[in-house]
Each structure stands twice: as structure tokens, then as C-alpha cells.
1. Restricting the search to the stretch 1-11, which residues are among the polar types (S, T, N, Q) and at pLDDT below 90?
2. Kindly list the number of the only condition in (1) within 11 Å of the chain's Cα centre (by Cα); (2) more than 15 Å from ARG64 (Cα to Cα) that fails for ALA21.
Amino acid sequence: MASLAGSERITRDDVIKAIGAADDVTIAQIIATGATIEEFAEAQAWLANDEPMMNSGRPLATGRVRELVDILAELEPDDDDHREAGSPAGSSIGQG
């Protein structure tokens, strides 16, 4: 039976291979999007570096790819220096 690798729906094994350990809820959310392996790879490319994709004229991610970007972004560690452990999320230095 021949199959088109890019058109297959993503499976739990695909998710684990691509992102490593993730909680069952996150894996279920990814699978529930109904995304294909190709769409999952595109979402990962957007997360890795969106600038080259925009520079190549690609439109912003939409649909299932956008859903995947949102889910996968939650797995990324925060780079926000203002969100230190124990400090309120909305605090800012030098208020008022």
C-alpha cells in the first residue's frame, strides 16, 4: 500500500519523535487539530525562525498550522526576562 508521507495525519509517535517528552494533554491537543505531518513540520519551521519564512513571501500561518504554532509555542521556554519566578506577570519597572 503506497502512502503520501506528507498527507498522513499526525500520530502520537510522530509528536513524541518531533518534540520529545510532552504531557498527554498537549499531545492530544496536537493530534486533535487533525493536522498532517507536513502541517506539523511547517508549524515547527515557523517556530524555529519565522523571519526567513516571511522573507520568502510565505503568508503567516493559518488554520491547522496556526493552531499547532500556538500549541507548540506553549512548550517553548519563556525568554521574557520580566517574568522571573515569584514576580507578578504584569509588573513593570519604574511605574508611575
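The values are calculated or read from the model by the stated rules, or taken from the named source; none is laboratory data. In this text the structure is predicted, and so the values were computed from the model without any measurement.
1. If the condition is that a residue be among the polar types (S, T, N, Q) and at pLDDT below 90, then SER3, SER7 are the ones that fit.
2. ALA21 satisfies every listed condition except (1).
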